[in-house]
Amino acid sequence: MEKTSLSSALFAGTRFDRKRFAGDIARFRKGGPVPEAAPPPPAPEKKRKRKSKNNAKKKNKKKKRADGAPSDVVEGFSVFKGAELKDAADDAVEVEPRKDEDTEAERRRKEAEREIERAAILRKRFDIHISGHNVPAPLESFEELVSRYGCDSYLVGNLSKLGFQEPTPIQRQAISILLSGRECFACAPTGSGKTLAFLLPILMKIKPGSKGAVKAVILCPTRELAAQTTRECKKFAKGRKFSIKLVTKDLSQDGNFKDMHCDILVSTPLRLNHAIQKRDLDLSRVEYLVLDESDKLFELGFVEVIDSVVKACSNPSIIRSLFSATLPETIESLARTIMHDAVRVIVGRKNSASSLIKQRLIFTGTERGKLIALRQSFAESLNPPVLIFVQSKERAKELYKELAFDDIRADVIHGDLSEEQREDAVDNLRAGKSWVLIATEVLARGMDFKGVNCVINYDFPESASAYIHRIGRSGRAGRSGEAITFFTEEDKPFLRNIANVLVSSGCEVPSWMVALPKLKSRKHRVDRDHISFLTDEE
Ligand SMILES: Nc1ncnc2c1ncn2[C@@H]1O[C@H](COP(=O)(O)OP(=O)(O)OP(=O)(O)O)[C@@H](O)[C@H]1O
């Protein structure tokens, strides 16, 4: 699909939303400078009432003074020349408080400056980089959700029960952006809490209830990730009657969406599109659309489907957001054309691995050498849970046989398994029933296995972003992790990109690796020999 057609489709039906841009309109009318931080929050109701009482008192005082002392009025000042004295006096009442107004304006300006400074300090402290105008300040704490945004305390209570004491950097910034009604594309390391960053504003802003009106749609590239996001969302929403649904195969094929009560829908693009086309799923009232792992979603094959989903979400006030740990230039410029007045947030360095992961590259020479190296590393120390990535389902099955032969409690997950079998494999690793999970790319994105100690790239990843996402299954939520990547003679020419990722996260690599020539193609996928020691030895 052409970029232009996608962007035109994404803009289709968009009209200027006065309510949403009231702040901008007001600023243009005033013609004042544009502050970087959001304007200070409105004063609490009580204070405001007291203030207006004081103002009324002041007005009365001035009125009396004006009535009793017309000499206060400078002749010729009023533009309503020839008007009655009383009118002039009234004008004087309007004109005189200018001093107060000036001090009030000065106070507000100073407050805004302080706010900008506070926001800048927070951003520096948490390595948050933004671009876009008038970006709201990052959150200082979860409590601020209540004081600054009126968040229902049940939600903050749920976070605290889940052990979330303070927001992660991406949560600090992305949440305040989305809550202020701005669109956003966000890039932050793997395992840094992006899921809550997009779920929390949704749970705060949408109202549960009403049949047939989906209010939020979250798109994920894989079923496993969609299922995980649904589970997370239900945890955060506990105690409120939100209807949160995962679009399963059955639902997308037979669901009666018209009579269904569903507030939040989580899906892969294909299933959602099927439901839109074949099951009359109405997304015209969607208020939030999230594209999680957005760079993957925009990859070839998905673009047209995404386009169709975006078109179906036709509410002009919709707030769209894109989240990922990697944001290639191409996707970023595409995102720029489709988002409206979006803020870009980057935590740390763009397209880099989590600094919590100790990364190693191991030369194995040949395919055979990989199996030897794997057995050796298991013999030295098997620190489960371990996740092993291979490049195809055939190779996943082959390696599984080898590990089963070694009596290693391994499981395997790939596209040939049923949904249930795949879920079981993931659950077994989570529950500690299996020590090793052999997976294809399907588990590389977004899956949150808190305790994964080590990721082994048995097959060299096909790109730097695939590498970042794969190894990002360890070293999550502040824990440390380890990543080992095997490479053979055939992989050598493709080492440069991966070596650069290691360098930018502070890991040492031999200098020849980064000095390798740059390759035109960013993707690397070689035909590999079978993983088959067993047949050799028999
Ligand atoms: N504020 C927080 N405090 C403590 N733990 C948190 C916080 N936010 C998220 N987490 C936990 O951190 C882990 C990683 O979060 P999440 O899966 O959202 O990461 P992510 O940034 O989406 O990663 P990926 O890029 O791999 O998709 C999860 O186990 C989550 O429960």
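Listed values, structure above:
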| read-out | value |
| --- | --- |
| With 5 Å bins from 0: P(r) over the range 218-260, alpha-carbon pairs, percent | 5, 20, 26, 22, 20, 6, 0 |
| Likely footprinting exposure, Met204, Met339, fewest C-beta neighbours within 10 Å first | Met204, Met339 |
| Point-to-point label distance, Leu519-Ser333, nm (Cα→Cβ direction, 7 Å offset) | 2.3 nm |
| Relative contact order (%) - criterion: Cα under 8 Å, at least six apart; region: the range 111-171 | 34 percent |
| Inter-label distance, nm, simple model (7 Å from Cα along the C-beta direction), Ala431/Met204 | 3.7 nm |
| Pairwise FRET efficiency - Ala120 versus Asp416, Cβ, R0 = 51 Å, nearest 0.05 | 0.45 |
| The range 274-417, Cα convex hull volume normalised per residue, Å³ | 187 Å³ |
| Translational diffusion coefficient (Stokes-Einstein; Kirkwood radius from C-alpha pairs) of the range 332-389 at 25 °C, 0.890 mPa s, in µm²/s | 155 µm²/s |
| Paramagnetic reach from Asp259 in the range 274-313 [backbone N under 17 Å; point 7 Å along Cα→Cβ] | 279-282 |
| Pairs of lysines in the range 131-290 (C-alpha under 12 Å apart; 8 or more residues apart or interchain) | 8 |
| Sequence-separation-based contact order of the range 421-497, relative, with Cα cut under 8 Å and 6+ spacing, percent | 29 percent |
| Pair Gln277, Lys492: separation of 7 Å Cα→Cβ label points (nm) | 4.7 nm |
| Cβ-derived FRET efficiency at R0 35 Å, Asp250 paired with Gln376, nearest 0.05 | 0.15 |
| Theoretical gain in end-to-end length, Ser308 to Thr366 [0.36 nm per residue, Cα-Cα removed] | 16.4 nm |
| Under 19 Å between alpha carbons - lysine pairs in the range 285-406 that sit 8 or more apart or on different chains | 6 |
| Radius of gyration and maximum dimension Dmax of the range 372-476, Cα, Å | 12.5, 35 |
| FRET efficiency estimate (nearest 0.05) - Cβ-Cβ, Ser147 to Lys401, R0 56 angstrom | 0.45 |
| Mean separation of Cα contacts under 8 Å, 6 or more apart, over the residue count of the range 454-518: relative contact order % | 33 percent |
| Additional length obtainable on full extension of the chain from Lys110 to Glu394, 0.36 nm per residue less Cα span | 95.8 nm |
| Estimated Rh, the range 114-219: Kirkwood, alpha-carbon pairs, angstrom | 14.6 Å |
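Here, each number is a calculation from the coordinates, and none is a lab measurement. Since the model is a prediction, treat every value here as computed from it, not as a measurement. Positions of Cβ are backbone-derived with ideal geometry, glycine not excepted, and every protein chain shown enters the neighbour counts.
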